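Chemist: Got a structure for you, written out below as structure tokens; questions coming shortly.
The values are calculated or read from the model by the stated rules, or taken from the named source; none is laboratory data. No experiment lies behind these values; they were computed from the predicted model shown. Counting neighbours? That spans all protein chains shown, and the Cβs are built from the backbone with ideal geometry, glycine included.
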Amino acid sequence: MRIEQGVSLGRYTTLGAGGEAYGFARPSSLDELEQALTWARERELPVATIGLGSNLLIADESVDALALKLEGELASAEIRDDVLVAGGGAPNAVCLHRARAAGLGRFEFACAIPGTVGGGVRMNAGAYGSDWSEILLRALVVDERGTRWLTPRELGLSYRQSKLEQGQVVARAEFRLEPRDPAEIKATVAELQALRKAAQPTNKRTFGSVFKNPDHELTAGLMLEACGLKGHRIGGAQISPRHANFIENADGARAADAIGLMAEARRRAFAEYGVELEHEVQFLGPLSLPALGE
Ligand SMILES: Cc1cc2nc3c(=O)[nH]c(=O)nc-3n(C[C@H](O)[C@H](O)[C@H](O)COP(=O)(O)OP(=O)(O)OC[C@H]3O[C@@H](n4cnc5c(N)ncnc54)[C@H](O)[C@@H]3O)c2cc1C
């Protein structure tokens, strides 16, 4: 198992920002994954898995961790009867393609989610009223304690979160699908993609929703829009003029720029609505938001 050093992680994220990892490995089998985890354990290094980096903000400084990018059999997808069996690194788009080709539905909502199966488990990814917890049968989780299959209940899937911790890697997952006409699947996907295109920035570098929707009549996006934040810019990052719960890489954005915008957004939402927005995007490396009131 080759461990690379000095690999810049920004290119593995949809935002396109972030520093170098101490170590970087691309395991393509369970054996290689276990070797990589052993390498990290021997050096007392944390482990961070990167899917398609579509909900990830990585610090500009070097990241003191072993970053993993699952490949090969850990990123492939196949259909067995009416079950989708996919590696943790399999892109949702590939899974959807396999399901449609086999005449199996229920994965259509994932067309809106530009990540991987493993990232989806970690985040309990969801869109248009469905999420991973509804279709996931079980996930194979590997960490320093070993390898085991966990059910959605054991994974603790709830709104955009799970109980998985950073060093726990989803190596494989199984989803229960159901027979559906491929033409119907295609039509549903086209409809959802059109809805997405009408409401969100689709041709910009972003990391998806910045904040989770609060327990409030306004969504995070509408609240930040009402705070006058659309188009607000710090350095190379700006709050999307299209949808205020997105941050775009307008021109050479750094993670620090995005953090500045997030801090400002939280400050204004708290001042105007008394709401403490919680970030949905995951941080990797030394990144944090100032406490409200600082
Ligand atoms: C334009 C756009 C639209 C989006 N729309 C949606 C949406 O509608 N709904 C939604 O839920 N999300 C949405 N997202 C966010 C994102 O696509 C999802 O959260 C997705 O599930 C993240 O998957 P990923 O593979 O890219 O994970 P990453 O962003 O790479 O990582 C996210 C977290 O998951 C962990 N992780 C990744 N892979 C694994 C693994 N194999 N094992 C264990 N942990 C892992 C990472 O360490 C990190 O903590 C959107 C993002 C963008 C850019």
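Listed here are the residues, each with its yes/no results for (1) within 23 Å of Gly208 (Cβ to Cβ); (2) out of contact with any strand residue (DSSP E or B) (no Cβ under 9 Å at 6 or more places or on another chain); (3) among the charged types (D, E, K, R).
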residue: Lys69; (1), (2), (3): yes, no, yes
residue: Asp81; (1), (2), (3): no, yes, yes
residue: Ala90; (1), (2), (3): yes, no, no
residue: Gly103; (1), (2), (3): no, no, no
residue: Arg106; (1), (2), (3): yes, no, yes
residue: Pro114; (1), (2), (3): yes, no, no
residue: Arg122; (1), (2), (3): yes, no, yes
residue: Ser130; (1), (2), (3): yes, yes, no
residue: Glu134; (1), (2), (3): yes, no, yes
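Chemist: What are the residue pairs meeting all of these: first residue in the range 1-30, first residue of a type in the set (Lys, Arg), second residue part of a strand (DSSP E or B), Cβ atoms under 8 Å, and 6 or more apart or on different chains?
Modeler: Here the result reads Arg2/Ala25; Arg26/Leu68, each pair linking the range 1-30 to a residue that is part of a strand (DSSP E or B).
Chemist: Mind checking whether some residue in the range 87-98 is crowded, with 18+ Cβ neighbours inside 10 Å, at negative phi, within 7 Å of the ligand (Cβ to nearest atom) and not hydrophobic (A, V, I, L, M, F, W, C)? Talk me through it step by step, then tell me what you get.
Modeler: Filtering the range 87-98 for residues crowded, with 18+ Cβ neighbours inside 10 Å gives 87-92, 95-96, 98.
If we keep only those that are at negative phi as well, we get 87-92, 95-96, 98.
Subsequent filtering for residues that are within 7 Å of the ligand (Cβ to nearest atom) retains 88-89.
Imposing the further condition that a residue be not hydrophobic (A, V, I, L, M, F, W, C) reduces the set to 88-89.
Yes; the residues of the range 87-98 include at least one that is crowded, with 18+ Cβ neighbours inside 10 Å, at negative phi, within 7 Å of the ligand (Cβ to nearest atom) and not hydrophobic (A, V, I, L, M, F, W, C).
Chemist: A further question follows. Is it the case that Val141 is in contact (Cβ under 8 Å) with a residue 12 or more places away in the chain, farther than 20 Å from Val94 by Cβ and within 14 Å of the ligand (Cβ to nearest atom)?
Modeler: Numbers: in contact (Cβ under 8 Å) with a residue 12 or more places away in the chain: yes; farther than 20 Å from Val94 by Cβ: yes; within 14 Å of the ligand (Cβ to nearest atom): yes.
When the stated conditions are applied, Val141 passes them.
Chemist: Identify, by number, the condition in (1) crowded, with 18+ Cβ neighbours inside 10 Å; (2) out of contact with any Leu (no Cβ under 9 Å at 6 or more places or on another chain); (3) not charged (D, E, K, R) that Ala48 doesn't meet.
Modeler: All conditions pass for Ala48, except number (2).
Chemist: Here is a follow-up. So is Gly119 free of Cβ contacts under 8 Å to residues at least 60 places away in the same chain and either under 23 Å from Glu278 (Cβ atoms) or not small (Gly, Ala, Ser) (or both) or not?
Modeler: no
Chemist: Go through the range 120-148 and report how many residues are within 24 Å of Glu178 (Cβ to Cβ) and either more than 16 Å from the chain's Cα centre (by Cα) or small (Gly, Ala, Ser) (or both). Let's see the steps before the verdict.
Modeler: Going residue by residue through the range 120-148, those that are within 24 Å of Glu178 (Cβ to Cβ) are 120-121, 123-140.
Next, only the ones that are either more than 16 Å from the chain's Cα centre (by Cα) or small (Gly, Ala, Ser) (or both) stay: 120, 125-130, 133-140.
Number of matching residues: 15.
Chemist: Have a look at Arg106, Arg80 and point out the one that is over 17 Å from the mean Cα position of the chain (by Cα) and surrounded by fewer than 18 Cβ atoms within 10 Å (Cβ to Cβ).
Modeler: Arg80
Chemist: Any idea which residue in the range 1-42 is surrounded by the most Cβ atoms within 10 Å (Cβ to Cβ), counting only those that are farther than 29 Å from Gly236 by Cα and modelled with pLDDT under 95?
Modeler: Met1
Chemist: Sort out which residues of the range 244-294 are of a type in the set (Lys, Arg) and either closer than 24 Å to Ser158 by Cβ or in contact with a Pro (Cβ under 7 Å, 6 or more places away or on another chain) (or both), and write them in order of number.
Modeler: Residue satisfying the conditions is Arg266 alone.
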